[in-house]
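I have placed the structure first, in the form of structure tokens, so that the comments after it can refer back to it.
The values are calculated or read from the model by the stated rules, or taken from the named source; none is laboratory data. Predicted model only: the values in this text are computed from it and were never measured. For neighbour counting, all protein chains shown are included, and Cβ atoms are generated from backbone atoms with ideal geometry for every residue, glycine included.
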Amino acid sequence: MSDISQSHINNKVGPVMRQGDLAKAVSEAAEIDNPGKTITVEDKLAYLRIQTDGEMFLQRQTIEEMLGRPFSMNELEVDRIAQIGRSRAS
Amino acid sequence: MALLGRLDWYNLARTTNWTPGYVTEDELFPPEMSGSMGIPLSGWEGYDEPYKQTYPEYVKVQREKDAGAYSVKAALERSDIYEKSDPGWQSVLKLHYGAFPRAEYSASTAEARMARFGKAPGMRNMATMGMLDEMRHAQLQLYFPHELCPKDRQFDWAHKSYDTNHWAIVAARHLFDDMMVTRGASEVALGLTFAFETGFTNMQFLGLAADAAEVGDWSFSNMISSIQTDESRHAQIGGPLVGILLANGKKQEAQRIVDMMIWRAWKLFAAVTGAAMDYFTPVADRKMSFKEFMLEWIVSQFERALLDLGLDKPWYWDQLVADLDHASHAMQMGFWFWRPIMWWNNPAGVTAEDRAWLEEKYPGWSETFGTVWDVITDNLLEGKKGLTYPETLPMLCNMCQLPIASAPGPAWKVRDFPLEYKGRSYHFCSEACQWCFEQEPERYKGHLSLIDRFLAGMIQPPTLEGALNYMSLYPGERGDDAHNYAWVEKIRAARQKAAA
């Protein structure tokens, strides 16, 4: 990072997930549910940082499809270690 | 019968404020316990927690988390990951387990304060689960090292540390008692859940999980990152509180606590996490430097969250960013130099590979810290090990309780910040530690640092042995060089080869 004083000026949002099936499913769902947006996935071995600019949608059905099993949104917490930006459920 | 979706009934079910008829509002929520800052009950109704969870959901999710953490441990229990790991990594585990598990019970007390005395119903609901989270953290982190006790007596410190007057634990208690145990619900929410948990716990519980994964210690990696999944939920208690405080004209009060606790957390984590990431973890397995993790989690992420909520950057922010270049190195050098008074064996972390890594990650390291390590290395090569042990005690800061330290070398930057208060002299490591003290001098004035106790004759006999016994560090637990000086022989061999 070249300029530390500017590095907080970003608008990235998204979950940071522990490595595993759910993290992979969420990163795939992020691609599908946010057409046209660039999703970045940083792999830190122990965790994945899944981000995009401004706003990210995640649908339960999409995660279910990616996981291949039933899933309820609050199960995200099993592997979610941080939430960048503010989240809203509907 | 049709069932309502959770979002349709959650707010109604957790709205448990009522108008007390038999006692006054202040008797039900004493201001010093609730930290209500004069905001009446009605002012708290708008608290809208972003994370809505019911108790049955909590139990279900936590059960799944525990099943994961314990099953990975069980699967790896009979492997020899620990024995095969580098002694530096073993020291990471010892430092971690001595520093954190018992503090989790203090965190549970802090959550309980919010669960009972928080004036916002949503805060009380979240904190009830947070209180259970912290008990889980204590128990996981006491259970995991227990299997290591027969392998190495230093792991006894996982349970023992907080019952002692060990210098590092005096420092940890000074912070955690201040932040968690002795403040009202609002201050706990601002200091612990917002400043500490959205910010700094990520450094130890995620950053180190990444290093552990590189090392191959999946049991530890999995367990501490599982803990952080709880933190990321209950850490969100503080955010909506900031909204309430700002709406009621209490920004200054909120900013003051947040500024104090960010600085206090920074000092502790620079010592514990900084040394672990930049020196203890074997160089080949270091995922990123402490500074890089700080830039990822604190500077670009936490600083932005702070501004997003309507708070300001702490006044000392530029100083904190400048300190990123030397804080971990200064603490590590102190840990190694005073190694007999640690409950872990401290690695030196200055082989040729280490030095190259340090210079790459912290340009200028060789000209500052490197020169001191040169002297230490030469003394060891010449068989003068006695010169590498301390003859005096480090000067400790009267706020963070850590050594007053900075970068050595030509631009000697170590500075003491002295203060006279009611006839007593206090010494601080930094402008910000002095500022923290001056925010509430009556609260802090009576505390004696370990050096103050030494000078007051409370540590007898006033020798190294007397100090070790005062700190409950008994033979078999006292630290030494983690690699038993094998790194010195490597340097000797390299120099002989170069000379030949």
Can you report the number of residues in segment B:440-479 which are touching a helix residue (DSSP H, G or I) at 6+ places or on another chain (Cβ under 6 Å) and in contact (Cβ under 8 Å) with a residue 24 or more places away in the chain? 6
Does segment A:37-44 contain at least one residue that is basic (Lys, Arg) and farther than 30 Å from B:Asp217 by Cα? yes
Is it the case that segment B:252-259 has a residue that's part of a helix (DSSP H, G or I), touching a residue at least 40 places away in the same chain (Cβ under 8 Å), of a type in the set (S, T, N, Q) and within 11 Å of chain A (Cβ to nearest Cβ)? no
From A:Met17, A:Met66, residue being within 14 Å of chain B (Cβ to nearest Cβ), outside any loop (DSSP other than H, G, I, E, B), modelled with pLDDT of 95 or more and within 22 Å of B:Lys65 (Cα to Cα): A:Met17
Kindly check whether there is at least one residue in segment B:377-389 that is under 30 Å from B:His427 (Cα atoms), surrounded by 22 or more Cβ atoms within 10 Å (Cβ to Cβ) and of a type in the set (S, T, N, Q). no
Only one of (1) more than 7 Å from chain B (Cβ to nearest Cβ); (2) at positive phi does not apply to A:Leu48, and that is (2)
Wholly within segment B:19-113, which helices (runs of 4 or more DSSP H) include no fewer than the required count, namely at least 3 residues that are under 30 Å from B:Asp217 (Cβ atoms)? B:55-76, B:81-84, B:87-99
Yes or no: segment B:322-340 includes at least one residue that is at negative phi, within 14 Å of chain A (Cβ to nearest Cβ) and either touching a His at 6+ places or on another chain (Cβ under 8 Å) or without any contact (Cβ under 8 Å) to a residue 40 or more places away in the chain (or both). yes
With the requirement that a residue be of a type in the set (A, V, I, L, M, F, W, C) and either more than 8 Å from every other protein chain (Cβ to nearest Cβ) or in contact with a Pro (Cβ under 6 Å, 6 or more places away or on another chain) (or both), what does segment A:3-14 give you? A:Val13
Leading residue by the ranking (farthest from A:Ser7 (Cα to Cα)) among those in segment B:281-292 that are crowded, with 20+ Cβ neighbours inside 10 Å and at the interface with chain A (Cβ under 10 Å from one of its Cβ atoms): B:Lys287
Taking the criterion of being farther than 30 Å from B:Trp487 by Cα and under 17 Å from the mean Cα position of the chain (by Cα), would at least one residue in segment B:88-100 satisfy it? no
Where residues in segment A:32-63 are hydrophobic (A, V, I, L, M, F, W, C) and assigned to a helix (DSSP H, G or I), which of them is farthest from A:Gly20 (Cα to Cα)? A:Ile32
Residues located in segment B:418-431, provided they are surrounded by 19 or more Cβ atoms within 10 Å (Cβ to Cβ) and either free of Cβ contacts under 8 Å to residues at least 12 places away in the same chain or closer than 27 Å to B:Gly370 by Cβ (or both): B:Cys429, B:Ser430
